[in-house]
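Taking it in order: structure first as structure tokens, then the write-up.
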Amino acid sequence: AEFINMINKALGNTGSASVSFKDVPSFEWYYQAVAKAVSAAYTGGYDDGTFKPDAKISRQEAAVMIARFVPTYGNATSLSKFKDSSQIADWASASLSRVSGKGYIGAYDDGKLHPTDSLTRAQTAKIITDIIGKESIVTSSTTLSKDGASLSGKIYSNGVTISKDLDDGEATISNCVVLGTLTVQGGDDSGSIVIQNSRVANAT
């Protein structure tokens, strides 16, 4: 819960979703933080219907979440160079490769990633500071309305609208992450709206 609360503040995402995790009651301080994170689709619950808000987060769990809100296309690195690569879970491997490739999570002095170690507050603060410094985070709602409009390499925290004013024009979203909702009102049915190497949390 503390990790996602810090991430939400860094991203400035304001969306919300209905959450019904057994261990996230509406009266807890972290309820809204969880609702924002779920709305942005960078986190979810466990198969047993819990969220485990008080559990310690591992470095590989954090990498999976980070890979969902940071543009990572073309940034994968080989994990075999780390001495403990065999300890990386299959479900975290691709995400950790991309996040490590962007330089947000790296090896300790011993040459190991320590994927199952708990992420510390200091490490979290360093990661968030690096993300804010390196990434372009757009917190205002963004609208594309002119033919040939394009977005590239950015995080859109509160949605993107492809306006009906685009009509039959073209628009491209490349290597971006759209948190919130991508609303498509314009463009025709012949492929004039192109979304490539991007992640979209929700679309209408």
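How large is the convex hull of the C-alpha atoms of the stretch 43-110 per residue, in Å³? Spell out each step's value before the answer.
Numbers: hull volume 7.1 nm³, N = 68.
It is 105 Å³ per residue.
D for the stretch 91-172, whole µm²/s, Stokes-Einstein with Kirkwood Rh over alpha-carbon pairs at 10 °C and 1.306 mPa s: what number?
Here the translational diffusion coefficient equals 101 µm²/s.
What residues of the stretch 43-67 lie in the reach of a label at W29, counting those whose backbone N is under 17 Å from a point 7 Å from the Cα along Cα→Cβ?
Flagged as within label range: 53-56.
Under 8 Å for C-alpha pairs, at least 6 residues apart: give me the relative contact order for the stretch 1-134, rounded to a whole percent.
23 percent
Just add up the charged neighbours of A89: K/R +1, D/E -1, any other residue whose Cβ is under 14 Å from the Cβ of A89.
For residues surrounding A89, the net value is -3.
Computed on alpha carbon atoms, what radius of gyration and Dmax characterise the stretch 139-204, expressed in Å?
Calculated on Cα positions, Rg and Dmax stand at 10.5, 31 Å.
For S86 and S136, what does the FRET efficiency come to when R0 = 35 Å and r is the distance between their Cβ atoms, rounded to the nearest 0.05?
0.45
Check the straight Cα-Cα distances from K22 and name the aspartates and glutamates below 17 Å, setting aside those fewer than 8 residues away within the same chain.
Once the sequence-local aspartates and glutamates are set aside, what remains near K22 is D47, D48, D54.
Can you compute the modelled spin-label distance between D167 and T50, with each label point 7 Å from Cα toward Cβ, in nm?
Between D167 and T50, the simple spin-label model gives 5.8 nm.
Calculate what fraction, in whole %, of the accessible area of the stretch 36-119 sits on carbon and sulfur atoms when a 1.4 Å probe is rolled over the protein chains.
Ligands and nucleic acids excluded, carbon and sulfur give 45 percent.
Based on Cβ point charges of +1 for Lys and Arg and -1 for Asp and Glu, what charge dipole magnitude is obtained for the chain about its Cα centre, in debye rounded to the nearest 20?
For this selection, approximately 620 debye.
In units of 2.2 N^0.38 Å, what is the alpha-carbon radius of gyration of the chain?
Ratio of Rg to 2.2 N^0.38 Å for the chain: 1.09.
Magnitude of the Cβ-charge dipole of the stretch 1-91, K/R +1 and D/E -1, about the Cα centre, nearest 20 debye?
In debye, rounded to 20, the stretch 1-91 gives about 340.
The values are calculated or read from the model by the stated rules, or taken from the named source; none is laboratory data. Small disclaimer: the values here were computed from a predicted structure and weren't measured. We place every Cβ from the backbone using ideal geometry, glycine too, and count neighbours over all the protein chains shown. The accessibility values were calculated without ligands, DNA or RNA, using every heavy atom of the protein model including side chains. Shrake-Rupley method; radii C 1.70, N 1.55, O 1.52, S 1.80 Å.
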